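The block underneath contains the structure these notes are about, expressed in C-alpha cells.
What follows is calculated from the coordinates using simple rules that are stated; it is not laboratory data. Because the structure is predicted, anything quoted here is derived from the model rather than measured. Here the Cβ positions follow ideal geometry from the backbone for every residue, glycine too, while neighbour counts run over all protein chains shown.
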Amino acid sequence: MKKNLLMWDQTLFRDIEVFEITYVPEQFDYRDEQIERLAFAVKPALMGGSILNTICRGVPGTGKTTSVKKFFEEIEEATKKIVPIHINCQIDSTEYAVFSRIYTKLTKNSPPSSGTAFKVLIDMLAKYIEKEGVIPLICLDDANYLIYNKEFNNVLYAALRIHEVYENIGIGVIVVISDPDILLESVLDARVASVFRYETINFAPYSASEVAGILSQRVAQGLYPNVLSSEQLDYIVDRTMRCGDIRVGLDLIKRAVMYAETDARREVTQEDLQKAFSASQDLHLSGTLRSLSSDELLVFRQLVKMTNDNTLITTGDIRRAMPDDAPKLTRFNEIIEKFDHLRLITLGYANKGSGRKRYVNLRYDKERVNKLLQKKN
Ligand SMILES: Nc1ncnc2c1ncn2[C@@H]1O[C@H](COP(=O)(O)OP(=O)(O)OP(=O)(O)O)[C@@H](O)[C@H]1O
Ligand SMILES: [Mg+2]
C-alpha cells in the first residue's frame, strides 16, 4: 500500500508556538472579571492615590499568570506612570533576589554589584522611584516559593515600608499563590499583617466547556484543518479535566500531532493520543513534584514505596513506617490532605475496627512516579 508520505518540510502545525507553555494567547476569555478587578485595584494610582494590593489565588493552570501579563500589557499601553514588573519567585526566591530584580527591571541598569547591602539596594531603588515619579507595580508570581523559603514576610515588609525611605513613594503589590492549602492569616507575621491590606481575586478551575473553548481556539489557530477530529478533542478535554491543569491538554495536542507528523500522517490517531497522554501526564506530575517541600516529599516517597496492587494502605500505615524525624501528626495530616488536593492521591474513608480509617490510593502508576522521583535526586 502506498503511504501518503509528507514531504520533509510539510507540517501539520500552522503555528507550533501556540502550544508552548510560555505562549501568551491573543484571545483570552473567561477571565474578564478577574482582570477587571485587577484594573479596579490599580485605578486609584492614576488619580493621585495609591494602588490597592491584591492576591490572586487558584490552583495551577487557571490563567493567573496570563491574566496578570495581559493586564500588564494594558497598563504599558495606557500609562508611563505605573511600571509593571513581573517576578517569578520560583527563580527569585529570596528578599535580595526579588529587590535586585525590581531594581534592574525598573532602572534598566545592570544588577547592583555583589556585596551591595540590602539597605543600600532599597535606598537606590527608592531614590530612583522618587526621581522618576513612577509607581512600580510588582507581581510576585508563584509567591508560594517565597512562603516555603520563609522570605514572604520580609519581601512584603520591605515593599510596603519603602515610603518610609522617601515619603511620597509607594509600590503596589499583586501576589499570586497557586497552593490551595496556604492560609494567609497564619503565614503573615504581625508586623506585616498590620500594614498589608489586600483584596483576594479567585481563579476557579475551568469547567469542561471552558477547557473545550480554550483548546479548540488553540487548535484552530495552531493546526491545519482536520488534523484533529471533534471526538478527539472531546477525549483531550476529558483527560485535561482529570488532571485539572489546562497545560496537560495543550501539551497532549502538541505531542500527538508531532507523533502523527513523524509518521508522515495527515491526521492524529487514537494511539497518538494515548501515547501523548502518558508523556503529558508525566509533565504535569513532575511539575507537581517540583513544588513539594522537603517534608512533603519525605511523606510522598514513603507513600509511593508502600503502594502496591494487592493491599490497601492507610494513612496510619504510612505514618507508622516513617522515620523518627518524620513530620508530626498534625503536619502529616495536612500533607496527606494536600496530596489529595493536588490530585496525587485519592482518599477513601471506612469505619473499621477501632475507628475511622483513611485509605490512600496513588493516582499514578507507581513505576512512572518512581522514575520521576529518581530524576529529582
Ligand atoms: N482563559 C484562557 N484562554 C486561553 N489560554 C489560557 C487561558 N487560561 C490559561 N490558558 C493557558 O493555559 C496555560 C496556563 O495558564 P497560566 O500560566 O496563566 O496559569 P497559572 O494559573 O499561572 O498556573 P500556575 O499556578 O501553574 O502558574 C498557559 O499556556 C495559558 O496560555
Ligand atoms: Mg503561573
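Annotation: the residues 267, 367, sorted from fewest to most other C-beta atoms within 10 Å of their own C-beta, follow the order 367, 267.
A simple count of charges around residue 326, restricted to other residues whose Cβ falls under 12 Å of its Cβ and scoring Lys, Arg +1 and Asp, Glu -1, yields +1. Exposure proxy ranking for 197, 255, 363, based on other Cβ atoms within 10 angstrom of each Cβ and starting from the fewest, stands as 197, 363, 255.
About the centre of its Cα atoms, the range 1-122 shows a dipole size close to 300 debye [charges on the beta carbon of Lys, Arg (+1) and Asp, Glu (-1) only; nearest 20 debye].
Each Lys and Arg adds +1 at its Cβ and each Asp and Glu adds -1 at its Cβ; summed about the Cα centre, the range 207-289 shows a dipole of about 160 debye. All other residues whose Cβ lies under 13 angstrom from that of residue 94 are scored, Lys and Arg at +1 and Asp and Glu at -1, for a net of -1. Across the chain, the mean sequence separation of Cα contacts (distance under 8 Å, 6 or more residues apart), normalised by length, yields a relative contact order of 18 percent.
When the Cα positions of 135, 117, 205 are compared along the charge dipole of the range 112-268, 117 comes out farthest toward the positive end, with charges on each C-beta of Lys, Arg, Asp and Glu.
The residue among 253, 236, 269 whose Cα reaches farthest toward the positive pole of the charge dipole of the range 207-289, with charges on the beta-carbon of Lys, Arg, Asp and Glu, is 253.
Computed over every Cα-Cα pair of the range 292-376 and binned at 10 Å starting from 0, the pair-distance distribution P(r) comes out as 16, 54, 27, 2, 0 percent. When the Kirkwood radius is taken over all Cα pairs of the range 32-202, what Stokes-Einstein diffusion coefficient follows at 37 °C and 0.692 mPa s, in µm²/s? Translational diffusion coefficient: 203 µm²/s. Here the dipole of the chain is about 940 debye; that uses its Cα centre as origin and unit charges on the Cβ of Lys and Arg (positive) and Asp and Glu (negative).
Take the cross-link list 254/275; 64/127; 105/127; 80/108 and give me the ones stretching past 21 Å between alpha-carbons. Beyond 21 Å between Cα atoms: 64/127.
By DSSP, the beta bridges lying fully in the chain are antiparallel in about 35 percent of cases.
Considering only 83, 223, 39, the residue lying farthest towards the positive end of the dipole of the chain is 223, judged by Cα position with unit charges set on Cβ.
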